[in-house]
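Presented below is the structure to which this report refers.
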Amino acid sequence: MTGEQWYTAAGVALLTSLFMMRHVRQRSGAAGAGLRCPRCRAAVAAEATTCPRCAAPLQAFALVTAPIAAPVAADANGGALHAVVRADACAGCGTCVDACPEPGALRLVDKVARVDLSRCKGHGECVAACPVGAIFMTSGDAVQTVEVPDLNHHFESRQVPGLYVVGELGGRGLIKNAINEGKLAMEHVAACIAREPGSDPNTFDVIVVGGGPAGLSAGLEALSHGLRYAVLEQGTLADTIARYPRHKVLFAEPLKVPLYGDLWVSDASKESLLHVWQTVIARTGLRVRTGLRVESVVRESDVFVVSAANLRFRARRVVMALGRRGTPRKLGVAGEELDKVFYDIVEMEAFAGRRVLVVGGGDSAVESALGLAHQTGTGVTLSYRGTEFARVKDRNRSKLEAAVGSGRVQLMLGSEVREIRRDAVVVESGGSLRTLANDDVIVRVGGDAPYPFLERCGVRMVKKALAAGPDPAERRAG
């Protein structure tokens with residue numbers, strides 16, 4: 001090969017390589033078109049779970065980036081309404097199966113309700129019967145409409161700059177999401193504070209409202225950045241754990257907790273989870289002010305004024321981590337602090353074969369009792385201090401009467417719980433005390449909802465369309 005031929009061949013090879021590289025880049029760009037990290041805008045592969053640049057867990061942005069839901073008509077997309085079950089929220093109680101008037105349209109598969117679209121007629125009875133709100137009606141794709149605060153990708157209110165909403169209150173109830181959101185929001189707070197001039201030493205950089213997983217994570221991140229912070233909790237740490245609706249807590253993978261490191265809890269009781277939080281706080285030195293119920297958060301010029309228990313705090317930023325279920329009312333009896341007491345339920349199958357007392361006289365109490373009664377071997381007693389269920393839907397009243405008639409639910413009207421013990425409950429009925437063998441107590445007597453409080457703070461609530469495909473990892477993750 002002559003020198004001229006060699007140069008020609010080398011040039012052809014170089015051009016070929018350049019064209020191939022360009023083709024590969026074009027294909028890669030097309031495959032990843034539109035897939036960007038909501039926070040730093042880095043390109044993200046379709047199968048990625050974290051951002052390659054900022055390491056943010058992408059699942060944390062599922063709701064804040066979801067589109068605003070459009071009203072759905074019965075014949076939208078050319079189809080009739082049909083039921084869709086959110087596998088990550090389904091409690092597997094089977095109440096919906098019994099409620100459905102179409103045989104075979106709903107069935108339990110691996111403790112999760114499944115819809116046979118060829119048999120579903122869109123009656124909607126399953127939606128009303130589901131005690132955990134895991135079923136909704138749609139005429140098209142498996143998309144659920146959920147009401148959540150209007151937030152940007154930093155979990156900051158679009159209407160009230162400087163006010164952040166994280167954890168359950170933001171619409172995602174999983175512990176791992178709560179921890180991730182608290183951390184991500186506080187990272188943004190720290191970045192904003194660093195760009196601003198110093199403030200009055202009597203003004204906090206940030207106040208965190210709530211001492212649950214999201215609030216603790218946000219507080220730890222504030223501590224790691226050296227911010228002047230305060231974490232305000234209306235009760236105690238034990239109260240935040242007591243409100244968990246799960247019988248057991250399971251993290252499918254270790255979670256990275258600020259200043260602490262990997263946190264991995266497997267098949268833990270609520271008591272052991274409380275010990276974990278206490279250990280994290282002791283090791284890191286995080287300060288949590290308990291017994292301070294926040295009553296208002298008001299923007300005054302360039303700071304927020306937070307009022308709690310006759311005290312007023314000033315802060316440049318506020319992170320709300322209250323919990324979606326709000327503040328449940330308590331019975332105020334001895335033993336209510338035991339880890340056998342619940343104020344909501346997510347996994348009804350976890351109560352199979354147990355002796356359960358449900359307390360309350362509204363639809364939530366009746367629906368919980370009915371759902372528990374479907375579990376194998378579960379003994380259910382429903383205690384209500386009234387003499388009749390005046391606030392219960394007719395449908396629920398009829399179902400309860402049937403369950404009582406068949407012996408699946410024991411009903412105690414005109415009764416009140418006086419004491420909760422490790423293996424029993426003391427109930428006053430007809431002027432006398434009765435001691436009932438008991439494993440778990442479910443208290444459903446109402447409470448203060450958090451969303452009206454958010455709206456009073458200026459945060460707008462919106463309805464978003466959330467894909468409802470099954471997510472086994474979420475279901476395992478607690």
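General remarks:
- For residue 410, residues with placed amide H under 5 Å, excluding near neighbours: 380, 381, 382
- Peptides 224-232, 45-53, 308-316, 294-302 ordered by average Cβ neighbours within 10 Å, highest first: 224-232, 308-316, 294-302, 45-53
- Considering segment 335-447 at the alpha-carbon level, its Rg and Dmax are found to be 12.9, 35 Å.
- Label point 7 Å beyond Cα of residue 336 along Cβ direction - residues of segment 423-442 with amide nitrogen under 20 Å: 423-429, 433-436, 438-442
- Exposure proxy order (Cβ contacts within 10 Å, fewest to most) of 156, 181: 156, 181
- GluC sites (Glu not before Pro) within segment 321-368, DSSP loop, no more than 15 other Cβ atoms inside 10 Å: 337
- Share, in percent, of DSSP beta bridges within segment 283-422 that are antiparallel, nearest 5: 50
- For segment 404-459, the square roots a ≥ b ≥ c of the C-alpha gyration tensor eigenvalues yield an a/c of 1.5 or more together with a/b exceeding b/c, which makes the shape prolate.
- By the beta-carbon count within 10 Å of each Cβ, the least crowded to most crowded order of 320, 348, fewest first, is 348, 320.
Since every read-out is calculated from the coordinates, none of them should be taken as a lab result. Just so we're clear, the structure is a prediction, and the values are computed from it rather than from any experiment. FYI the Cβ positions are ideal-geometry reconstructions off the backbone, even for glycines, and counts take in every protein chain you see.
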